[in-house]
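For reference, the structure is listed below as structure tokens.
Read-outs: derived from the displayed coordinates by stated rules, not from any lab. Note that the coordinates shown come from a computational prediction; the quantities given were computed from them, not determined experimentally. Neighbour counts are summed over all protein chains in view; Cβ atoms, including those assigned to glycine, are modelled from backbone coordinates with ideal geometry.
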Amino acid sequence: MAASRKPPAPPSATSLDRRPAAPARDGGRTPPVRDNDEPSAADAPHGSRPEQVYTRLRDLIVQGLVAPGSRIVETEIASRLGVSRTPVREALQRLQQEGYVVGAPGAQQSRLTVAPLTRDDVAELLNIVGVLEGLGTRKAAELPPAERKVLAKDLKAFNADFQRAGRATPVDHGKLYDADESFHRKLVEAGAGPRLLTLHDAVKPQAERYIRMYISMLTSDIKSSVEEHDAIIDAVEEGRADDAEMAVVVNWRHAADRLAKVIELAGERGSWGAVRT
């Protein structure tokens, strides 16, 4: 996708609204988690609560419902999700290991914030995703011809959906993201083994944070992205494993470059001098 010149209007929401949240000011606290028709972590069976809390918090961060730079307060999360501090602490430790939350250098371990969105981070992150997906795509291109043909047909359909969503007036950012995500997920699932899928599933949602936050600035011209997808499809269908792998790596490398330019124009989110991801 190519960047436009007009920055997105700053979104605003509470943590469980389904709209992206506005970036918090430095030192901001976790937005309140309100009761609504969604199940809380406490609704899960006792043994699954740590995983449920982790998944809930990660989804809120990925979707921008807890803004980059927001302060994470363990006791508040526990109270509002209706669980004890133990599963919250376990979830936050895991989220910190995976890079979704960070601790300020020199601060107490308990002082955590949602990881900021920065140019340096997006460059590293999206290139990692490209390498992982490239490995999966290489294996997909080594499938038997009949399986490659079916896969190519599915990929072409997703790419057509992606192109239509980008040409719509106004652009439906949700459909645009979903079509692109479906395209890439199909590639990975077609060729990746369980270890690669595990690594991909740990990293890809972090890339999703960036795409969702800045997608409105990436839709002025999606022609290059569509063409890059076409190159991937052709290489997979024809069984050219080296070319297929490189085409995916290049697609993500270009996405990283586009997002870096957008972040330079619109500004980093939730970043201040003391914090580095």
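Of note:
- Relative to the current alpha-carbon distance between THR198 and LYS186, full extension at 0.36 nm per residue lengthens the span by 2.8 nm.
- Estimated distance in nm for a label pair at LYS175 and ARG212, the labels positioned 7 Å out from Cα along Cα-to-Cβ: 2.1
- Whether the stretch 92-231 is rounded, prolate or oblate, judged on the alpha carbon gyration tensor where a/c under 1.5 counts as rounded: oblate
- Taking amide H as placed 1.01 Å from N in the peptide plane, VAL101 has its amide H under 5 Å from the amide H of GLN96, ALA115, each at least 5 places away in sequence or on another chain.
- Within straight-line reach of LYS139, meaning a Cα separation under 26 Å, sit the following lysines at least 8 residues removed in sequence or on another chain: LYS149, LYS153, LYS156, LYS186, LYS204.
- Shown is the FRET efficiency for GLN97 and GLU142, computed with R0 = 25 Å from the Cβ-Cβ distance and rounded to the nearest 0.05: 0.15.
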